[in-house]
């Protein structure tokens with residue numbers, strides 16, 4: 001599409017020009033090049049998408065599960081066939097390096113693959129003679145129209161956490177992607193149509209706050225899947241639940257990585273650097289605070305500094321680049337503001353990425369790898385989600401003290417321990433109190449057949465993304481008791 005074009009909505013199987021008067025630019029974060037515009041659709045266009053989904057629901061629900069699965073099998077094959085082109089498109093609009101884009105798309109494909117098992121995943125249970133001559137059975141049935149609201153940081157993977165499961169179980173869907181990087185998902189919608197998804201089963205409406213509000217209040221939407229900041233996740237949860245909807249709202253994170261003195265330092269350093277600086281820190285599983293326990297503190301600090309300083313910034317499509325830009329100039333300002341505030345409040349700035357530049361791309365939104373020492377839970381840099389390439393270093397005298405520091409934080413998304421002690425690992429997993437727990441892993445990312453989601457201020461709802469939770473969220477378990 002041309003840089004002046006406004007991307008269309010997808011309603012009832014057709015790309016439809018938005019009637020919105022306003023639109024936001026979509027730009028390559030590394031070059032500043034305009035790639036198109038996102039329309040700020042309003043309530044009427046949300047309603048048109050919902051009504052298309054309502055009309056499509058009866059026929060799609062009546063489609064046998066094995067036939068729905070065949071559509072997803074075809075989609076999986078098409079995603080694999082076009083993975084290289086999709087990865088390049090993703091890197092251009094988001095900024096992550098090409099290898100990371102390939103990894104994101106692969107994770108999305110794995111969710112489509114898991115949803116292909118829907119004939120088995122939706123099976124119910126039966127028991128005859130629960131009383132004399134009376135039998136009981138359970139079946140899972142779809143509910144109708146679901147909405148999916150997704151963020152910018154994984155614009156391919158996160159939508160595929162949700163809508164493949166929703167349509168596999170027999171529901172229809174309205175997706176509201178991030179307004180900052182929706183282009184690659186547009187191509188995936190085309191592939192879903194090519195795979196045989198009927199008109200109205202999957203719809204896409206672009207917009208911002210007004211579109212989200214319309215979704216949360218719409219009476220024909222049965223449930224909402226959301227990923228974003230914790231502040232917004234809490235609002236989405238409260239507003240949608242007040243309207244009688246099911247909600248799974250995944251929020252922010254402040255992930256801690258605890259390093260014990262007996263850890264394998266080479267493997268630990270690799271994992272820590274990848275966790276903190278992968279995707280330029282713009283992911284909810286990024287490591288944020290590294291807690292060195294006892295004698296582990298000095299060597300992990302020295303190794304982290306050496307490796308972080310050697311990371312190469314640049315356009316994600318260029319060879320030899322380790323880290324791309326952040327998504328926008330506004331977000332760059334936010335990240336650099338956190339760094340300055342941390343320094344003013346007593347953290348020692350060991351590596352400062354605020355002046356990072358890439359001469360070939362002067363318009364890029366660059367923030368270099370940053371390391372702050374003496375970070376405490378009371379500082380914003382030790383308490384809040386920065387969502388950038390910033391590592392906080394803190395010292396703990398013991399595993400007990402490290403866990404106490406972790407538990408002072410409002411978030412509960414992921415946590416990691418690095419050790420060669422099985423006893424310490426078992427104690428850690430028993431007491432961590434966080435939903436996603438890593439042992440000698442820096443990015444605690446469950447595969448598609450396990451649930452994904454945090455605890456405390458990182459998650460609002462009951463059933464999480466992926467795995468069996470996804471099947472339960474998008475269906476209602478009906479209990480039938482019969483006497484003949």
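I need the full set of residues from the stretch 141-151 which are surrounded by fewer than 24 Cβ atoms within 10 Å (Cβ to Cβ) and touching a helix residue (DSSP H, G or I) at 6+ places or on another chain (Cβ under 7 Å), in order please. Even if it seems obvious, please write down each step before you answer.
Just the residues of the stretch 141-151 that are surrounded by fewer than 24 Cβ atoms within 10 Å (Cβ to Cβ), to begin with: 141-144, 151.
Within the stretch 141-151, 142, 144, 151 meet the criteria.
Could you list all residues from the stretch 60-87 that are out of contact with any helix residue (DSSP H, G or I) (no Cβ under 7 Å at 6 or more places or on another chain) and part of a helix (DSSP H, G or I)? Full working, then the answer.
Initial filter on the stretch 60-87 (out of contact with any helix residue (DSSP H, G or I) (no Cβ under 7 Å at 6 or more places or on another chain)): 60-64, 67, 70, 73, 77, 81, 84-85.
Once the filter is applied, which keeps residues that are out of contact with any helix residue (DSSP H, G or I) (no Cβ under 7 Å at 6 or more places or on another chain) and part of a helix (DSSP H, G or I), the stretch 60-87 yields 60, 61, 67, 70, 73, 77, 81, 84, 85.
Identify, from the list 453, 412, the residue that is over 19 Å from residue 383 (Cβ atoms) and in contact (Cβ under 8 Å) with a residue 40 or more places away in the chain.
Working: 412 fails: over 19 Å from residue 383 (Cβ atoms).
The conditions single out 453.
Output yes when any residue across the stretch 185-201 is assigned to a strand (DSSP E or B) and touching a residue at least 12 places away in the same chain (Cβ under 8 Å), and no when none is. Write out each step before concluding.
Going residue by residue through the stretch 185-201, those that are assigned to a strand (DSSP E or B) are none.
No, the stretch 185-201 contains no residue that is assigned to a strand (DSSP E or B) and touching a residue at least 12 places away in the same chain (Cβ under 8 Å).
Pull out all pairs, ordered by first then second residue, where Cβ-Cβ is under 6 Å, the residues are six or more apart or on different chains, the first lies in the stretch 424-443 and is surrounded by fewer than 15 Cβ atoms within 10 Å (Cβ to Cβ), and the second is assigned to a helix (DSSP H, G or I) and at pLDDT below 95.
Cβ pairs passing all conditions: none.
Starting from the stretch 66-84, keep only residues that are free of Cβ contacts under 8 Å to residues at least 24 places away in the same chain and outside the structural domain of residue 109 (by TED's automatic domain parsing), then list their pairs with residues that are surrounded by 21 or more Cβ atoms within 10 Å (Cβ to Cβ) and in a helix (DSSP H, G or I) whose Cβ atoms are within a distance under 9 Å, requiring at least 6 positions of separation or different chains.
none
So, in the stretch 326-339, how many residues would count as being surrounded by 18 or more Cβ atoms within 10 Å (Cβ to Cβ) and over 13 Å from residue 277 (Cβ atoms)? Spell out how you get there, then give the answer.
If we filter the stretch 326-339 for residues that are surrounded by 18 or more Cβ atoms within 10 Å (Cβ to Cβ), which is where we start, we get 326-327, 331-332, 335-336, 338-339.
Now narrow it down to the ones that are over 13 Å from residue 277 (Cβ atoms): 327, 331-332, 336, 338-339.
Of the residues in that region, 6 qualify.
Identify all residues within the stretch 297-314 that are closer than 16 Å to residue 418 by Cα and surrounded by 12 or more Cβ atoms within 10 Å (Cβ to Cβ); write none if there are none.
Filtering the stretch 297-314 down to residues closer than 16 Å to residue 418 by Cα leaves 297-301, 303-304.
Result: 297, 299, 300, 301, 303, 304.
Based on what the data block shows, is residue 99 touching a strand residue (DSSP E or B) at 6+ places or on another chain (Cβ under 6 Å), in the same structural domain as residue 196 (by TED's automatic domain parsing) and part of a helix (DSSP H, G or I)?
On the way: touching a strand residue (DSSP E or B) at 6+ places or on another chain (Cβ under 6 Å): no; in the same structural domain as residue 196 (by TED's automatic domain parsing): yes; part of a helix (DSSP H, G or I): yes.
No, not satisfied.
The values are calculated or read from the model by the stated rules, or taken from the named source; none is laboratory data. Since the structure is predicted, the reported quantities are computational estimates derived from the model, not experimental observations. Cβ sites come from the backbone with ideal geometry, for glycine too, and all protein chains shown count toward neighbours.
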